[in-house]
Each structure stands twice: as structure tokens, then as C-alpha cells.
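To start, the structure under review is shown below, and the notes come after it.
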Amino acid sequence: MKKIVFGFSLLFVVSLISCRQTKTSESFTAMNTFMTVSLYSSSVKKGEAACNQIKNRIAELEGILSTTLPASDVYYINHNKKLPDPMKPELLELFKFSSEMYNKTYGAFNPALYPVIREWGFTTEEYKVPSEQRINELLLHTDFSVFCDSGFMAGSKIDEGMEFDFGAVGKGYAADEAVIILEKNGIKSALLDFGGNIQTIGKKPDGSLWRVGIKNPWTGGAVCALSVESKAVVTSGGYERFFEDENGKRYIHIFDPKNGHPCEGDLESVTIVTSSGKNADTLSTALFVMGKETAVEWWKQNPEFDFILLTKNHELIYSAGLENFIEPLYQFKTVEIVHR
Ligand code: ADP
Ligand code: MG
């Protein structure tokens, strides 16, 4: 079975002087992701201090949310079938936020899907197609609302078959935490790239908007460019993490909670543009699961964000709020702008 996985570690610090603002750029690996923080500050010292604070905070979050680090809180819950006592505030916040998003997206976003996702070999990388019977057994323990109804009480027991995975929201949450650190440090211009989850702070130091490329799933490079200010730009797609069986059938890492199978919908990728990283991250996964038609309808009911859909049919569909900020760089079959 073919697998596409990333795994490299690199650490470097670059500082450049540009019109009274010093650029500091630092890359590191955390949350199984290559991350880069680029920021502008009044001195190298200030920039490096902010980068270090971000790195430390992300390491701290990983220590809470990781499904594979034995010392993490999520690992503790998954293996002991009870909530820690005390509950760390970050964990409680994420459970509450996830509960809200689970309900809002009618279960398309479901952090309790982990036993199913692992059965297919994601996280262990021992990929396989499980039997329908096995998938259905595991699905019986993925009702996140049942768990939420119990009120997240510290030390309380959970369903023996239930396990959590915040993989679809963790990087967005980490970006929000990084923004708080940057604000506290008085930094007004920065760009975070957490493995394709982009978060911009303010504008570029010269006053222009940040130009963010949306990945081309078919040829590589950028499929369109987006100009933004103080926004998260988060993309979910099936083209980077997947495995293929002997017949070349592709199984991606985003799952349909209804049937416990990797999504096979009509979308190639979903990009969400909004101020909060965790909202963008959650919604990019959820709208991908929903598929084109439902995603567009869902947005019409919940239009407090913008979206870009790339369909498998090479169509570009985006919300009207992006109209003056998007530049297609690809010969799409059709381009559709969705108004409320
Ligand atoms: P990425 O992490 O690659 O940027 P996503 O944010 O879309 O992509 O998150 C995908 C991850 O979330 C998967 O690797 C898996 O751990 C988890 N996941 C997969 N399907 C779902 C789902 N329907 N709801 C919640 N989490 C999911
Ligand atoms: Mg996500």
C-alpha cells in the first residue's frame, strides 16, 4: 500500500531588517506538522522572544491534545476511559467548542471518531480496509453528544469504546493561541503557516494585504491567490494524506462520521476564511465532509465566514465576501460566486 506521510524536523532563525521593522522567521515541527512563524517587530530580540513563547505554547498544547504522546491528557482519557481530575482549561474549552460545532454541523465534525480512523490505520500508518461489521461496531461508540450531555465533569467515566482526536481543530486552536501571544507582545504584522493552516495578523509592514496561495490539488503550486488581513485561511483536502489499495482506490484521512469510511464526496478541497483559527479549521473539515451542495446550503444558514470550494470536477465556487480578494490562477471548468 502506498502512503504519503511527512516527517522532518528543522529549526532555523532568520532576521532581516525592513523599513524599521525587523522580520523574524522561525520554523519547527510540532503536532506532526512543519510550522513557520514569520513576524515583524521593532527589534530582533522582541521577535525571537515572541517566537519562543509561541513554540513553547504549542508544545504545551501538544502535551495536552496529542493522541500518541503517553503523557498527554487526551491519551490519558483514551486509555483510562475517564476524564482527568482536574481538567485543564484548554481541554475543557476544546470539548465545549467541539460540542457546539458537532451540533451545528449535524455531526459532520466529530472528534469522537478516533477508534474508526485508527482502525483504518491512520495514526499508526498500518493502513487497511476494515470489515463493515468492525466499522459498525466501532461507530456505536462515536456519539459525541452522549458524552457531552454528561457535562465534562473532572474525573468522570466515559463510554469504554469511546476515544477522542482533536486532529481537525488542534492546529487552528494553536494558531489562535499564537495570535494571543503576538498581541501581548505588541506585534501587529505576522503570518503563521501551520502545515497549510495560514493565520495572518494585521497587514504586511508596508500596509498591503497578505497574499496567500491556495494549493492546486491537481498540479501543485497555487490554484488561486487570496488577499487577506487578520484572517485565518485553512484548507482541508484529501490530496495530501491518504493511502491507496492494490487497485489504486484512494482512502483519505477525512472521514464521514455517518458511515465510518473515508470521504468520497465531490470536493477536492475546502478553504475557510474567517478570523478564528479554530473555527476555520473545524469548518474546513466539516464542509469537506458535507460535500458541495450541503456545504453551500449550510453557509447560507451560517454566513459568518467565507469559503472556497474546489470540486473534483475542476469547478471553483466561493462566497461573495471574497469577490474582490480572490485571483484565480488556474483554468477552471466553471467559476461560481455564491451570494446569500
Ligand atoms: P489536516 O489536519 O490534514 O489539516 P483536517 O483539519 O481536515 O486536516 O483534519 C483531519 C484530521 O481530523 C484527520 O487526520 C483525523 O485525525 C481527524 N478527522 C477526520 N475526519 C474527521 C471528522 N469528520 N471530524 C473530526 N475529525 C476528523
Ligand atoms: Mg480541520
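The values are calculated or read from the model by the stated rules, or taken from the named source; none is laboratory data. Just so it is clear, the structure is predicted and the values come from calculations on it, not from any experiment. For neighbour counting, all protein chains shown are included, and Cβ atoms are generated from backbone atoms with ideal geometry for every residue, glycine included. Surface accessibility is based on the protein's heavy atoms, side chains included, excluding ligands, DNA and RNA. Shrake-Rupley method; radii C 1.70, N 1.55, O 1.52, S 1.80 Å.
Divide, for the stretch 29-96, the radius of gyration over alpha carbons by 2.2 N^0.38 Å, where N is the residue count.
It is 1.39.
What FRET efficiency comes out for the pair residue 275/residue 106, r = Cβ-Cβ distance, R0 = 30 Å, nearest 0.05?
Efficiency for this residue pair is about 0.80.
List the GluC sites (Glu not before Pro) in the stretch 267-340 that DSSP assigns to loop (not H, G, I, E or B) and whose Cβ has at most 13 other Cβ atoms within 10 Å. Which are they?
Counting only loop positions with at most 13 other Cβ atoms within 10 Å, the GluC sites (Glu not before Pro) in the stretch 267-340 are 304, 323.
Using a ≥ b ≥ c from the Cα gyration tensor of the stretch 175-229 (square roots of the eigenvalues), is it rounded, prolate or oblate, where a/c under 1.5 gives rounded and otherwise the larger of a/b and b/c decides, a/b for prolate?
Oblate is the answer for the stretch 175-229, as a/c is 1.5 or above yet b/c matches or exceeds a/b.
Assign unit charges at the C-beta atoms only (+1 for Lys and Arg, -1 for Asp and Glu), then state the dipole size of the chain relative to its Cα centre in Debye, rounded to the nearest 20.
About 1060 debye.
I need the GluC sites (Glu not before Pro) found in the stretch 110-207, filtered to DSSP loop residues with at most 15 other beta carbons within 10 Å of theirs.
125, 126, 160
Among 122, 103, 174, pick out the residue whose Cα is farthest towards the positive end of the charge dipole of the chain, where Lys and Arg carry +1 and Asp and Glu carry -1 on C-beta, about the Cα centre.
Result: 174, furthest along the dipole toward the positive end.
On the accessible surface of the stretch 268-336, probed at 1.4 Å, how many percent belong to carbon and sulfur atoms?
C and S fraction of accessible area: 43 percent.
So which helices of the chain fit the span-like rule, where a helix is a whole DSSP H run, its Cα atoms reach 27 Å or more along the axis, and its mean Kyte-Doolittle is at least -0.5?
Counting only whole DSSP H runs, the qualifying helices are 44-65.
Tell me which of 291, 233, 262 sits at the most positive position along the dipole axis of the stretch 202-301, charges placed on C-beta atoms (Lys, Arg +1; Asp, Glu -1).
Of the options given, the answer is 233.
What part of the accessible area of the stretch 114-258, given as a whole %, is carbon or sulfur when the probe is 1.4 angstrom?
48
Keeping all protein chains in place, calculate the accessible area per residue for the chain (probe 1.4 angstrom), answer in Å².
46
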